[in-house]
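First up is the structure itself, then whatever we jot down about it.
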Amino acid sequence: MEINKRTILWIVFSVSLVVLWNNWMVSNGKQSMFSATPPARTATVANPAPGIAAPNAAGVPGAAAPAPFQSETITMTTDVMKVDIDTAGGVIKRLELLKFKNAHDKTKNQVLFDVTPNGMYVAQTGLLSNVTGLTLPTKDTGFVAKSGPRALDGANEIQLVLEAEQGGVKLTKTFTFKRGDYLIGMRHDVANVGTVPVNPSLYLQLLHHGNKPEGESYFNSSYTGPTMYTPADHYQKLKFDTIEKKGHAEHATKADDGWVAISQHYFVSAFLPPANMQREIFTKKDGPNLYAIGTIMPLGTIAPGKSVSNEARLYSGPQDENKLATIAPGLELVKDYGFLTIIARPIFWVMDHIHDLLGNWGWTIIAFTILIKLLFFPLSAAGYKSMARIKVVTPKMQAIREKYKGDPAKMNQATMELYKTEKINPLGGCLPIMVQMPVFISLYWVLQASAEMRGAPWVGWITDLTAPDPFFILPVLYAISMFITTKLNPAPADPMQAKMMLFMPLAFSVMFLFFPSGLVLYWVVNNILSIAQQWVITKKFEDASAKK
């Protein structure tokens, strides 16, 4: 049976669309179309630690709510972030990134932590007691702020110190902010000011609503939810839906290293406890459409008059792969490249090095496209030679179809003999596209995931390579380039198939209206280079055929 390369090409593009759609579903916490059930993980328990209940409104089960006090919001400002901390619990309730604009309102900065009518996203810490009825300073306790600078103002570092005393224990929270840094130092000093030994635990937790980031579109939607890393179980991506149904997610519950985080498109907030310290990890539903991921660390027995310190860190900023890799093991994995990570990560590594030389991500994409084209040049040349031969022998193929139109078996046999005589590989034209499709899909995820390219301009009207082309110029150029490519290819014998091949450029151009402009730029440049290469090869074969 004759193998039609255009049909295979259509199948390749269709499968690629299915793969992209499947990964979009998975990245949004939905089940894969290729999996009947989600992968099983180690079961967890409802309470985050044996003998210690998860923090509730008062810090421990059955404890009375703390007495009302007059809280205040203290704003700490550096060159890269503006942070609001509530003295009620010492909770980080708002964090604004001063170097990143909101993707949907360029007049505003990107905000991570926030408390709005639509939902809550905050960072909380506090103490738990193993003694029933003993209430220690928690995320709801009133703290007193010490005086000090609230902005850098030429300094390289500022600190906010909060103090609270409850149940014979004094908790001092020290927040440290540094110039140019998205890491916040969070030291907890726990002093026993009572008359009996205490054995508290420190908890760090991130609380997040179950809504998607505001304004996220259908085509640039990405994963938002809890993530974590332990040396034994490595990176784990959890789901709000699972926590909603079960009250918790299934994940590693004990470790002596690692981190817990909330990941979203381009950004992440992660608690980084001290290394080599035993901790328990929990997830839980904390209220209607409100979910928590956190860690609990026993601080040991503290005798009267003694104290212990715990040095944790909170990263809240962009998913800058190179930076995250230096902060904590596995933290760079929050930059989600999808199922083709094995290809996407090297692609970003190459592009990152090209960008170091060119300084513009748009020109980097063009240079990378040329590099890929050179890499696949021999394969593409072989494919275009095969297509050129087919175009030259098209009259002979038409004659075979006319001669055997009533006998498909003989028609296919004669066609294959013609291919063999003319040294034509019927799959030759499809092979270059099939080989490059993983690169295309991987580049999609690189652009989708890379905060390094977020808001990066190219030239003129392209002000953000991770956003769609605002004037649809690149999709139109893509359609034109695809139309020219179709004309350079041998015409299909089947009229319906010919119409389908002419319709494909239009269909993909409509789809590309919503894709990142950087991805469309890659495909336009790739098509232009392919047209030039194919034209030269086709012209060569046509001239050679004319001389015979």
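Data for the structure
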{"item": "Residue within the range 179-193 that is in contact with a Pro (Cβ under 7 Å, 6 or more places away or on another chain) and within 30 Å of Asp469 (Cβ to Cβ) present", "result": "no"}
{"item": "Which numbered condition Thr301 fails, given (1) within 27 Å of Asn199 (Cα to Cα); (2) open to solvent by less than 10 Å² (accessible area, probe 1.4 Å)", "result": "(2)"}
{"item": "Filter pass, Gly406 being assigned to a loop (DSSP other than H, G, I, E, B), buried (at least 18 other Cβ atoms within 10 Å of the Cβ) and either modelled with pLDDT under 80 or among the β-branched types (Val, Ile, Thr) (or both)", "result": "no"}
{"item": "Criterion (touching a helix residue (DSSP H, G or I) at 6+ places or on another chain (Cβ under 9 Å), under 30 Å from Thr364 (Cβ atoms) and at pLDDT 85 or above) met by exactly one of Leu431, Leu447, Leu465", "result": "Leu465"}
{"item": "Single match in Ala328, Ala344 (criterion: buried (at least 18 other Cβ atoms within 10 Å of the Cβ) and more than 19 Å from Gln236 (Cβ to Cβ))", "result": "Ala344"}
{"item": "Wholly enclosed strands (runs of 3 or more DSSP E) of the range 214-325 bearing at least 2 residues in contact with a Ser or Thr (Cβ under 9 Å, 6 or more places away or on another chain) and closer than 21 Å to Ile184 by Cβ", "result": "225-230, 259-264, 267-272, 279-287, 290-298, 307-318"}
{"item": "Count - residues of the range 101-140 that are open to solvent by less than 10 Å² (accessible area, probe 1.4 Å), more than 26 Å from Gly455 (Cα to Cα) and among the β-branched types (Val, Ile, Thr)", "result": "2"}
{"item": "Tally of residues being open to solvent by less than 30 Å² (accessible area, probe 1.4 Å) and farther than 13 Å from Thr227 by Cα across the range 249-264", "result": "1"}
{"item": "Test: residue in the range 69-80 that is modelled with pLDDT under 95, crowded, with 16+ Cβ neighbours inside 10 Å, assigned to a loop (DSSP other than H, G, I, E, B) and out of contact with any Asp or Glu (no Cβ under 7 Å at 6 or more places or on another chain)", "result": "no"}
{"item": "Flag for Asp189 being touching a residue at least 40 places away in the same chain (Cβ under 8 Å), of a type outside the set (Gly, Ala, Ser), open to solvent by less than 50 Å² (accessible area, probe 1.4 Å) and outside any strand (DSSP E or B)", "result": "no"}
{"item": "Elements of type strands (runs of 3 or more DSSP E) in the range 95-183, at least 3 residues being in contact with a Gly (Cβ under 8 Å, 6 or more places away or on another chain)", "result": "119-128, 157-166, 169-178"}
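Let's see how each residue does on (1) of a type in the set (Asp, Glu); (2) at pLDDT 95 or above:
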position: Asn211; (1), (2): no, no
position: Gly215; (1), (2): no, no
position: Glu250; (1), (2): yes, no
position: Gly258; (1), (2): no, yes
position: Pro273; (1), (2): no, yes
position: Asn276; (1), (2): no, no
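The values are calculated or read from the model by the stated rules, or taken from the named source; none is laboratory data. Quick caveat: nothing in here was measured; it's all calculated off a predicted structure. Using ideal geometry, Cβ is built from the backbone for each residue, glycine included, and neighbour counts are taken over all protein chains shown. We work out accessible area using only protein heavy atoms, side chains counted, and drop any ligands, DNA or RNA first. Shrake-Rupley method; radii C 1.70, N 1.55, O 1.52, S 1.80 Å.
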